[in-house]
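Everything on this sheet refers to the single structure shown next.
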Amino acid sequence: MRSILPVLTVVAVIVALWYGAAAAMNAQWVRDQAARAGTEVSLAQILPRTMSQERPVLPAPHQVAQGLWEGVAGQKITSKRSLVYHGWITLSATLLGFGIGTGLGILLAIGIIHNRAMDQSVMPWAIASQTIPILAIAPMIIVVLNSIGVSGLLPKAVISAYLSFFPVVVGMVKGLRSPDAMQLDLLSTYNASRAQAFWKLRLPASMPYLFASLKVGIAASLVGAIVGELPTGAVAGLGARLLSGSYYGQTIQIWSALFAAAIVAAALVGIVGAIQARVLRRMGMAR
C-alpha cells in the first residue's frame, strides 16, 4: 500500500489538472455557441458542456477512456475502427524493426570493441545518424524503398530499426567493455582466446547493459513504426488513426490512439523487463 499510494496520488493530481485544463480550453467554444444563440451561460452551465463536446480542443479524461474502450472492446478486431486492429499493424512493424535494429546494434558493438578502426569510424557515424530528425528522413527512406519495389511492412520496419539500433549499440559497447583489467588479465593467464574471452566474460557481463538498452530500443521502435505510417498516408496502424483524426478534427480519436500507443509501449517494455529478470536470475546476476 505504501508503494501504491504515491503513484495514485500523482495520477490523481494529473487527472485533476487535466480536467481543469480541458474545462479552460473548451470553455471558449461554449461561449461562442451561446453568443451565436444570443444567450448567456453561467459557470455552472459552462463546466458540464466543456466535458461533453463532440470535438473538444482538449478531451477530458473520461472521453479518452470511453474512446479507448469503444476502440478496443466496442469493435470487432477486424474492423477498420478497432484499435486492436490498428495496434497489431503497428506492432508488427515495431517487432520486425526492433529485431533488425537489435541484431544490427549487437553486431556493430562487437565489431567496435574488437576493431579499433570501426571504433573510430563507425561509432561517430552512428552518433551523427541520430542528429537527423526522423520526420525528415522517414519520407526519404519510404520513397527510396518504393522506387526499388519494396513497400508494405518493411519500410516502416526500417525506420523503426533506425531509431532502435543506436541505444543497443551504445549499451552493448558499454557492457562489452565493462569487465575490468584484472578479469581480462586473468583470462590472459589462462591463455584464453579472444573468442573465449568474449563468450565467457564480455558477453555475460554485458547482459544488464543490453537489457537496459533494449527497453529504450523497443519504445523507440514503436515511435519509428508510427512515424513511418505518417508520410505514406497509411490507412491502417496507430499512425493512420492519428493522421485521420487530425484531418477531420477528431481529437478524441487522436488521444485514444496516443494512449493506445502508450499502453502498447508499456506492455513491450514490461515484457523485456520480465525477460531480463528471468535471464539475469538464471545467470546468477539478480535475485
- Val150 accessible area, nearest 10 Å², 1.4 Å probe? 40
- With a ≥ b ≥ c from the Cα gyration tensor eigenvalues, square-rooted, and the rule rounded for a/c under 1.5, otherwise prolate when a/b > b/c and oblate otherwise, the stretch 191-287 is prolate
- Task: Take the alpha-carbon centre of the stretch 94-132, take the same for the stretch 149-205, and report the distance between them in whole Å.
- Result: 9
- Of Phe198, Phe259, ordered by accessible area with the largest first and a 1.4 Å probe, the sequence is Phe259, Phe198
- Item | Area accessible to solvent at Ser3, 1.4 Å probe radius, in Å² | 90
- Taking a crude spin-label model, label points 7 Å out from Cα along the C-beta direction, the Val7 to Ile77 distance in nm is 2.6
- Message: Once you order the gyration tensor axes a ≥ b ≥ c over the Cα atoms, which shape class does the stretch 217-264 get: rounded for a/c under 1.5, otherwise prolate or oblate by comparing a/b with b/c?
- Response: oblate
- Residue-span extension gain [Ala195 to Ser246] - 0.36 nm each, minus C-alpha spacing: 13.0 nm
- Relative contact order (percent) for the chain, with alpha-carbon contacts under 8 angstrom and 6 or more residues of separation? 22
- What ranking of Leu154, Leu243, Leu107 comes out by heavy-atom accessible area, probe 1.4 Å, highest first? Leu107, Leu154, Leu243
- Task: Quote the accessible area belonging to Glu54 in square angstrom, nearest 10, computed with a 1.4 Å probe and with ligands, DNA and RNA left uncounted.
- Result: 140
- Item | Length released on extending from Ala16 to Ile132, taking residue separation times 0.36 nm less the Cα-Cα span | 38.0 nm
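What does the extension gain come out to for Gln66 and Ala44, with contour length at 0.36 nm per residue minus their alpha carbon separation? Spell out each step's value before the answer.
On the way: separation 22, 0.36 × 22 = 7.92 nm, distance 2.37 nm.
Taking 0.36 nm per residue and subtracting the Cα distance, the gain is 5.5 nm.
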- Task: Work out which helices of the chain, taken as complete DSSP H runs, extend at least 30 Å along their axis over the Cα atoms and score a mean Kyte-Doolittle of 0.0 or more, then list them.
- Result: 4-37, 83-114, 153-176, 203-229, 251-282
- From DSSP H assignment alone, runs of 4+ in the chain each adding -39500 (n - 2.57), the sum over residues rounded to the nearest 500 puts [θ] at 222 nm at -26000 deg cm²/dmol
- Item | Heavy-atom SASA rank of Ser151, Ser92 (probe 1.4 Å, accessible area, largest first) | Ser151, Ser92
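The values are calculated or read from the model by the stated rules, or taken from the named source; none is laboratory data. Predicted, not measured: the structure shown is a model, and the values here were computed from it. Positions of Cβ are generated from backbone atoms using ideal geometry, with glycine treated the same way; all protein chains shown enter the neighbour counts. Heavy atoms of the whole protein, side chains included, go into the accessibility calculation; ligands, DNA and RNA do not. Shrake-Rupley method; radii C 1.70, N 1.55, O 1.52, S 1.80 Å.
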